[in-house]
Amino acid sequence: MGFRFLSEVTMTTKPFKEGSAHGRFQPFHNGHLEYVLAAQKQSDFLWIGITKFDIDPTELSPLGRTREKPENNPLTYHQRLTMIGEALTENGVRRDEFAFIPFPIEKPSKLGQFLPTAVPCFTTVYEEWNREKISVLESFGYRVIVLWERQHKEISGGEIRNEMIAGSNRWREMVPKATAKYVEEFGLIERLRTLRAQKD
């Protein structure tokens, strides 16, 4: 099958009626916002898939590896929905233009329970993990469209979490206003410190 880059798609097709974007969003940062907004601009309606929607650490998948560990997943499914939804509306996306679904890429045989294969999956490529996800999605019948491929991430969730734990305020420059608001409301920094202490 083979995935296609966005430039190859836009030259030959109109925007999609439905599309999907996905991620752990722990927490939702400016890099995530760029990605989701780009996917939304290609779709009349966007399904936003939340990976690792069940943050219970009892079942770790080899596919997810360290990104599934508790200290890397402090926010619940509902907390991420709340955070992302407000960030998108802050940036001009109407609430009737998107919705959320679980997206169990860690257990890909279950993906079809949440997203029909007829809905294309928009993604980006920064590292081998992204290519692995593309391969998995295509093997289960999904059409994958790469929005862009870059050599490195300017922002990462791991970096933000580390900045929070260290007591730095630099993370505030890396996230939408809604994320900063809910970091405080959800007590995320203390939760991260507790999880890191349990790890150590």
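All conditions in (1) loosely packed, with under 15 Cβ neighbours inside 10 Å; (2) at pLDDT 95 or above hold for R65, with the sole exception of (2).
What number of residues within the range 20-48 satisfy the criterion of being under 22 Å from E106 (Cα atoms) and not in a helix (DSSP H, G or I)? Within the range 20-48, residues that are under 22 Å from E106 (Cα atoms) and not in a helix (DSSP H, G or I) number 13.
Against the list (1) small (G, A, S); (2) buried (at least 17 other Cβ atoms within 10 Å of the Cβ); (3) closer than 14 Å to P74 by Cβ, the condition A178 fails is (3). Note on the range 104-121: residues that are under 18 Å from F45 (Cβ atoms), of a type in the set (A, V, I, L, M, F, W, C) and in contact with a Lys or Arg (Cβ under 9 Å, 6 or more places away or on another chain) total 3. The test for being crowded, with 20+ Cβ neighbours inside 10 Å and within 14 Å of G31 (Cα to Cα) does not hold for W148.
Among all positions in the range 40-55, there is at least one residue which is loosely packed, with under 15 Cβ neighbours inside 10 Å and of a type in the set (D, E, K, R).
For the range 68-88, the set of residues classified as in contact (Cβ under 8 Å) with a residue 60 or more places away in the chain, closer than 17 Å to R191 by Cβ and not in a loop (DSSP other than H, G, I, E, B) consists of P70, E71, N72, Q79, T82, M83, listed by residue number.
For E34, are the conditions met, namely being among the acidic types (D, E) and modelled with pLDDT under 95? No: the conditions fail for E34.
Contact map, the range 46-57: residues that are closer than 19 Å to S20 by Cα paired with residues that are assigned to a strand (DSSP E or B) and aromatic (F, W, Y), Cβ distance under 6 Å, separation 6+ or inter-chain. Pairs shown: L46/F98; I48/F98; I48/F100.
Which residues, taken from the range 151-196, are closer than 12 Å to G31 by Cβ and of a type in the set (V, I, T)? Passing the criteria: I155, I160, V175, T179.
Checking each residue in the range 72-131 for being hydrophobic (A, V, I, L, M, F, W, C), closer than 20 Å to S156 by Cα, modelled with pLDDT of 95 or more and surrounded by fewer than 20 Cβ atoms within 10 Å (Cβ to Cβ) picks out L81, V125.
The values are calculated or read from the model by the stated rules, or taken from the named source; none is laboratory data. Please read these numbers as outputs of a predicted model, since none were measured by experiment. Methodologically, a virtual Cβ is constructed for each residue, glycine included, from the backbone with ideal geometry; neighbour enumeration extends over all protein chains shown.
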